[in-house]
Structure formats: C-alpha cells, structure tokens
Amino acid sequence: MWHDWNVTSESRTRLERYAPTTIEPRWQQRWDEIGLDETDLSESTRPRYYLLTMYPYPSGDLHIGHWYIVTPSDAIARFRRMHGDNVFFPIGFDAFGLPAENAAIKSGGHPFTWTMQNIENMRRQFRTMGATFDWSKEVVTADPSYYRWNQWLFLKFMEAGLAYRALSAVDWCPNDGTLAREQVEGIDRHCWRCGALVEKRDLEQWFLRTTAFADELLDFTGIDWPEPIRIQQTNWIGRSEGAEIEFEVAPDGYQAGGDRLRVFTTRPDTLFGATFMVLAPEHPLVATLTHPDRRAAADAYVEQARRRTEIDRLSTDREKTGVAIGADAVNPVNGERIPIFIADYVLAGYGTGAIMAVPAHDDRDFAFAEKFGLEIRRVIAAPGVAADDPMTDAFIAHAADERLVNSGRFDGLPVDDGAKAIVAWLAEDGRAQPKVTYRLRDWLVSRQRYWGTPIPVVYCPIDGVVPVPFEDLPVRLPETVDYAGSGDNPLNHDEAFRRVDCPRCHGPARRETDTMDTFMDSSWYWFRYLSPDFDDGPVDRTMTDRWTPVDQYTGGAEHAVMHLLYSRFFTKAMADCGLVRDREPFLKLFNQGQILGADGERMSKSRGNVQDPDELVERYGADTVRLFLMFMGPWDQGGPWSPTGIGGVHRFLNRVWTLVLDPHGREAGDPDAGSLPAGESEEAARAALRSAAHKTLRDVSADYDGFRFNTMIAKLMELANTLFRYRGTAVAGSAEWDEAIRLMLLMLAPAAPHISEELWSRRMAEAGERWSSIHSQTWPEADPAAVFEATREIPVQVNGKLRDKVIVPTDASQADIEAAVLARERIVAILEGRSPDRIVVAGGGKLVNLVVR
Ligand SMILES: [Zn+2]
Ligand SMILES: [Zn+2]
C-alpha cells in the first residue's frame, strides 16, 4: 500500500506539512506545460462548453472581489472538463475607458502604459488563483487589432441604418462628459460613474438604433436568464400599449378654449371615470391656461416643484399637493367639464406631461381626489360589485371578468374590449389613436474622450459625412496625447489626427474626434475570443457557428440594462448584417453576488476597504482562499468581506492532507488514531464508509451542476469527518477507504485544484503509475447500490402516541416489520400481554401504529 510512502527514514514520526506556497506555483507551471487550459476550438468530437466570465477592467490589482467572480467559474470549467466536455474558458481585458484616462491625466503618463502595466500585473495574479483561462485567445480591447473591428462593425451598422448621427439633447456629466441614457441613474439623475448630477446639452452625436429591436428584446424565449434581469430589461424597455387621447380646453370668460391637451393612457377603458386632469408644473400650456386669479398660487407651486427631486415627487407615501389653475378640460367621451390641476406627481419628462385622472382606478389619483374633494366615479366593476357601491380605495386589479359601468353605451363590456371600443369610437374623428410607447431610447455612443475607439467617419465640406473605407481601418489613436487644457477631448487639438483627405473627393476634410462608448467593446468580445487573430472580419463564422451562443455566462447583476442589454442588441444587429447565425448571445446567465468591503460598502481603493488576496494566498495558499470564497454562502449572494472562518477551511484542507498521506495515524499516542466505534463491526464500517463516499459523490455532483459550492464543500467536510472516524483503524487499509480517498480527491479537484493534484500525483507515484493530471480524469459516477441505505428506522406508535423506534432492513416486508416491532422490549412492556387489535404500517413503511383496546 501507498499509505506511508512519505515517511522518510530521518523522520518516521513527522508527517510532511501541507505547504501550499510550494505546491501551487509548481502545478500552475505544470498545467501550462501540458496545455490543460488551451482549447482546441476546431475539435468537435466532444460536446462543447463555452464558459464565459465577464472580462475585467484593468484597474491594476485583483482584489478579493475578482477572486469571488473568477474562482467558482474556474471550478465550473474544471468540473465540465472532467465530464468530458471540450471547455472553452477565455479571458481578456476591457481596456479602454475613463479610469485609465483619469489616471494618466493625474500622473502625467499615457493611458496605454498605465493599462498595459496593469494588465501584466493582473495576468500574474490570475495565475496565482490557479485559474485555467485559455490565454492563447486573450483579447485586449485597446489594441488596434481589436478596436479595428469595433470600427468595422460601426460602418456595417451605418450601412444597415443601425448607426446614425443626430442633434440631440444629451445627458452630460460635468466630469465624464456624454453619458448613455443607461448611465444616468436614479430619479435624481446622477452619473453612474462619479455620482455627479447630470445636465442636458445639445450636441451632434452618434447613436445605435437599439429601438429597432425593442420588441425582440422583450422576448426571452430560448435563453435561461435569472428573472430579476429579465424583469429589469423588460421594465427598461418599458413597452406600454394604450392610446393617446385628446382633451380640449373648455372656453371661459378669460380664454377662447380649444387648446388641445394630449394624454397617453394604458387604460382607455376608464375614460368615463376621468373627473379631473393633471399637468406637470413644467407643462408648456400652464402659462397660457392659468386663470389670472390663480396665477400667484400656480407660480408659487411651480417654483416649489422645481426645487424637489424627482424621487421625492414620485414617492407614493408623500401627501399629494397641487393647485387648480382655474381652467377646465372637456372629457371627450361625455362632454363633461373637468378641472385642470398642476401637481408635482406628474413629471414633464414622462409621456406627454399630462394625465387624465381616474381616481376610482388609480392610487395616486384617488389620494389626490380625496384631498381636494373631487368626484370619484367607479367605471370598472368586478363580478358582484354594483356600479354605485362606495369606494374606500382605488380599484386597479384589471382582470378579464371585470366589466365597464357608468360608461354610457359601453356599459357591460369586458375591460379589454371596452378599451378597444372606446378608442375606436374616438379615433373616428381623430380624438384618439392607439399607441405603443417604449421607454427605451437609441444608444448614444459618442464620447468626447481620447481613450476609446475612434469613430471611423470623416466630415467633408463637399461630401458631408463620409465613412472611412473598410480597407483603411483601423483609424488608429495617435500614440501621443496632450492633456494640457484638459476637460476637453485632446483629439480636438491634435491637428495631425484631425486633418485628413476626404476618402471620396480627396479634398481637405476633418476626422470625427469623438470616440466610442467602451460598452461597444464589450458588446461582442466573446465572438472575437473564438478567432482573436482572424483578419478577414470581426468574427470567423465557422467558429461562431460552432461555439455560440455562449453556454454559460457569469457576471454581476449590475450590468442588467447596460452590458447585458447591449450584448443582446449587438448580437441581433450582427445577425441582421449576416455576420453571425444566432440572435441571442448567452444561453444561460448566472449572476454572482458581490463581495463588499468589511464596512458593507463597495470595495474600492478610494474607500480603503480593499482586501488584498495576495496576503491571504501567502498565508493560506490559493486553494484555501478559493474554497473559503465558495464556502461563504450561496454564490449569488456575496456580502461584506470577513475572513472569519478561513482558518476552518484551511484546517479542512490540512485534514485532507493528513487523511491521504497518513491514514493509519502516527505511532501509538496519536490522539487521532483509534479503534472502531464500539459495536461497529469492520464489515459494517466499510460498507458505511462506501455508502458515505458515494452519497457525497451523488450530492456533490448535483451541487457543482447547480453552482451550490457552499453546500458542496460542506458535504466534502462531512466526508472528511467520516474518514477521520476510521483513521488508524482496520478500515483505513481497506479497499473502501482507498476508494473514498480517491473520490474525495476527484470531488475536491475543481474547487481546490492544487492540493488535489499534489495528493493525486503522490498516490500515482506510490502505485507506480505514470502521472496523469487529476484534472484530466473522468468524473466518477456514484454507485446507486452503495448510495442505497441498507437499513431504515421506523417510528412506532401505540394508539397514535410515539413510543419506540425500530430498525429494519430496507427491503423488509410488512410481516418482517410487524415481527420486529412485536419483538421490541419496550413494546412488549407496553402491551402487558395483550395482543394488538390491528397493526397499521403506514406511508409505505414510514410509520407503524399499534391499535390496542
Ligand atoms: Zn460622472
Ligand atoms: Zn469630399
């Protein structure tokens, strides 16, 4: 046997210590040498498994959060490899963007230098994790060999009408310049990056036509994504079906009336219940419609509303405020005059800035009507509700069995039919039109920054906007950049870059100096991984057809309506241009949680709450850090960083080390060495150990499959405990022991790859076999016969009261069970010589009840 192979003659009593810092770099190098991480993309005999983790921004140092993102993904990659899949697990760097540029401005260096130094450092750190990334397919987006294809795609999209230029009021951050709509956060509209309040500026900008795919983006058929992401994207696209309806302003002593107020409603079926109208205080007609008597009050209210944040204005629990402006509108369905108010719960930027208020069927309108004593008229009734039943709350259920009431000739119609009928009737004379609205806007991609992909167009005084010819790509960023007078895009001042001959008329022209939003780079990078050196186009179609959609994507949920939405858009746009086959990028998505600083805040250098993994690796080794992060809790939860418990995980690995290398315990006196538990025969113990090992295997396999790393590790710890119980006993030399050890190492291999490889190699050496990596082994299958329990325990009741338990063989018949129960001493005592009237074996043998009179 191999068990004491390591006991050298010099130190028979001392077990070699587990020394991860010696073991780990050695295996990392060895895996490199045997090409464990390199994928032959042209191989198609095994099933493919494209595993993608969101590529990092080269911020400089990997912190523990990166480890939390990457190491479980690496465990998945290793697990799938052992399952016989051809796993592709690439990595690259999202290398353009503001932080590099800001760091360069601050330090007087160049963003390229800063970025490449960071990438170098991060590559080294990724290696210390033991991550099996396929580095041979790496992409760095700031490299012209990558961004050239951003430009190429942009030109393709221009040809297809999916990229266009327009004058637009853009969101502008005083620090970061132009922002995409998705980069403006919160109702108070702050910058997603720096938090500054966002302003509006009018600029000529480039857009990508995301809205062309609005409906298709709402369809998640065929992809398995977490519900919260689907909901966020659905809400972000914000499709509402309804109608735009025109209300006329009624004439009075001060004005002729006839001004038209348009409202959008998703509930035209409630039109008869509109008993007042509300305009946003900023609505352009407020000034003309306000009655002179109401002017002072209205002006004061407008002024007050201006000082409120949108978040405050929309909050539902705040008491409703508003001012009647002394004018009426005419409800087009019944000719009734209804008063017009201004109130800050209506926002100018949403819809038309005006609403028809239906207090009976809208919560905020209800609260407003109650406060101002306005009529609340029910126009929708659920079954069993009468048209004039009083209301204490708005009724907003909207179900198929509801009917219109108090709605003239539409009474009795179901809600959806009623909505259609009312709109059709009003549409006859142009007072309504059915309308679908979307919240989604086209993606603004122009950035007034140096460190990004130059937008490949030229402005010619004769030809106007001229795309750079495909064969002239890439338009390279100039290598030198002068940030003097910063705040402005340095490319604007680079005459050598700006001055160019028009590709069409060859006369003097100027280059576009805006660069692309870096989210362009990340919208298609996984396609490029498949052929990073391909020169005939952005993607090699034979590779993308074979390898995409990506089988499993892992990354943060914070990307829901930016990267994850842009990627879906890009894939559809590329498919429309004939570049790829599929219309969805990622079949499955898993959102891991985020590791926060110990203070519960996001980890960042500026907050000083960053945990440096290098220190932990130095002290405990990468395997312990990997395992600890996976053991912390469910992977999708994350949480504040706390190293409490890392010692326990480290001890577990030490126990594995001891079990494998020293199964018999040391000489007499070793507290771990011992005899079998009292009453347990060696044969029973061996069967129990085998059963425990195979049960663990069954459960651990399922846990890896479901990314439940924490429970997977807990089960391995239990198995180690079971093994420890038999360490130093007769069982420790048995075939069952040997099998349990082998299975434990195989199960541990994806999560703690170094120690399992080390112990595996020592076993092989001991057995005189040639080394073959544990990570190239086939994942074992649990033996169902071993998992099967030999005996089971059944509770025994007498007259419905729990009195005893009996242990019977799993395959015991009813007669066997009855006999076993009646032979129990305790039951004999309770029966006092009587025989039971009935013996009920319930639940297929889960419970026995004796009925005695
Ligand atoms: Zn900003
Ligand atoms: Zn020209």
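The values are calculated or read from the model by the stated rules, or taken from the named source; none is laboratory data. Since we're looking at a predicted model, the values are computed, not measured. Virtual Cβ from ideal backbone geometry, glycine too; neighbours counted across all protein chains shown. The area values use the complete protein model at the heavy-atom level, side chains included, leaving out ligands, DNA and RNA. Shrake-Rupley method; radii C 1.70, N 1.55, O 1.52, S 1.80 Å.
Quick look at the values:
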{"read-out": "By accessible area with a 1.4 Å probe, ligands and nucleic acids excluded, highest first: order of Arg607, Arg499", "value": "Arg499, Arg607"}
{"read-out": "Inter-site label distance for Asp224 and Arg239 at 7 Å from Cα along Cβ, in nm", "value": "2.5"}
{"read-out": "Residue-count net charge about Lys435 - beta-carbon cut-off 14 Å; Lys, Arg +1, Asp, Glu -1", "value": "+3"}
{"read-out": "Selected from Ser44, Pro549, Leu716, residue furthest toward positive end of dipole (the chain; charges at beta carbon)", "value": "Leu716"}
{"read-out": "Kirkwood estimate for the chain, i.e. one over the average of 1/r between Cα atoms, Å", "value": "32.9"}
{"read-out": "Potential lengthening between Glu479 and Asp417 on full extension [0.36 nm per residue; Cα-Cα distance subtracted]", "value": "15.9 nm"}
{"read-out": "Solvent exposure, largest accessible area first (probe 1.4 Å, DNA, RNA and ligands not counted), of Thr45, Thr178", "value": "Thr45, Thr178"}
{"read-out": "Accessible area expressed per residue, the chain, with surrounding protein chains retained (probe 1.4 Å, Å²)", "value": "44"}
{"read-out": "Angle between the chain longest axis and helix 227-237 axis [Cα atoms, degrees, rounded to 10]", "value": "10"}
{"read-out": "Simple spin-label estimate for Arg201 and Glu319 in nanometres, 7 Å along Cα-Cβ", "value": "4.3"}
{"read-out": "Nearest-10 value in Å² for the accessible area of Glu319, using the 1.4 Å probe", "value": "130"}
{"read-out": "Efficiency of FRET from Cβ geometry, Asn175 and Thr288, R₀ 41 Å, rounded to 0.05", "value": "0.55"}
{"read-out": "Gained length - Ala767 relative to Gln232, 0.36 nm times residue gap less alpha-carbon distance", "value": "187.0 nm"}
{"read-out": "Euclidean distance between Cα centres, segment 41-116 to segment 177-241, Å", "value": "25"}
{"read-out": "Cα-based equivalent ellipsoid of segment 459-512: semi-axis lengths in Å, sorted from largest, via gyration tensor", "value": "23, 13, 8"}
{"read-out": "Over the chain, relative contact order from alpha-carbon pairs under 8 Å, at least 6 apart, %", "value": "14"}
{"read-out": "Estimated inter-spin distance, Asp393 and Thr352, nm [label 7 Å along Cα→Cβ]", "value": "3.1"}
{"read-out": "Area accessible to solvent at Thr113, 1.4 Å probe radius, in Å²", "value": "70"}
{"read-out": "Unsatisfied cross-links (Cα-Cα over 27 Å) in the set Lys435/Lys588; Lys137/Lys588; Lys137/Lys572; Lys715/Lys801; Lys106/Lys605; Lys695/Lys846", "value": "Lys435/Lys588; Lys715/Lys801"}
{"read-out": "Distance between segment 518-577 and segment 636-663 - C-alpha centres, whole angstrom", "value": "37"}
{"read-out": "Sequence-separation-based contact order of segment 463-515, relative, with Cα cut under 8 Å and 6+ spacing, percent", "value": "31"}
{"read-out": "Rounded accessible area of Phe366 (nearest 10 Å², 1.4 Å probe)", "value": "10"}
{"read-out": "Global form of segment 337-427, assessed from the alpha-carbon gyration tensor, a/c cut-off 1.5", "value": "oblate"}
{"read-out": "Calculated FRET value between Glu248 and Ala166, using beta carbons and R₀ = 41 Å, to 0.05", "value": "0.80"}
{"read-out": "Reachable aspartates and glutamates, given that their alpha-carbon falls under 12 Å from the alpha-carbon of Lys156 and they are not under 8 places away in the same chain", "value": "Asp576"}
{"read-out": "Inter-part distance where segment 729-778 and segment 154-172 are each reduced to a Cα centre, Å", "value": "58"}
{"read-out": "Helix 295-306 vs. the chain, principal-axis angle (Cα, 0 to 90°, nearest 10)", "value": "30"}
{"read-out": "For the chain, share of DSSP beta bridges that run antiparallel, in % to the nearest 5", "value": "75"}
{"read-out": "Under 27 Å from Lys320, Cα to Cα: lysines that are on another chain or at least 8 residues apart", "value": "Lys371"}
{"read-out": "Protein accessible area in the chain, 1.4 Å probe - carbon and sulfur %", "value": "49"}
{"read-out": "FRET efficiency, 1/(1 + (r/R0)^6) with R0 25 Å, evaluated for Asp61 and Thr22 via beta carbons", "value": "0.55"}
{"read-out": "Where Glu512, Glu336, Glu246, Glu618 fall by accessible area, highest first, once all protein chains stay in place (1.4 Å)", "value": "Glu618, Glu336, Glu246, Glu512"}
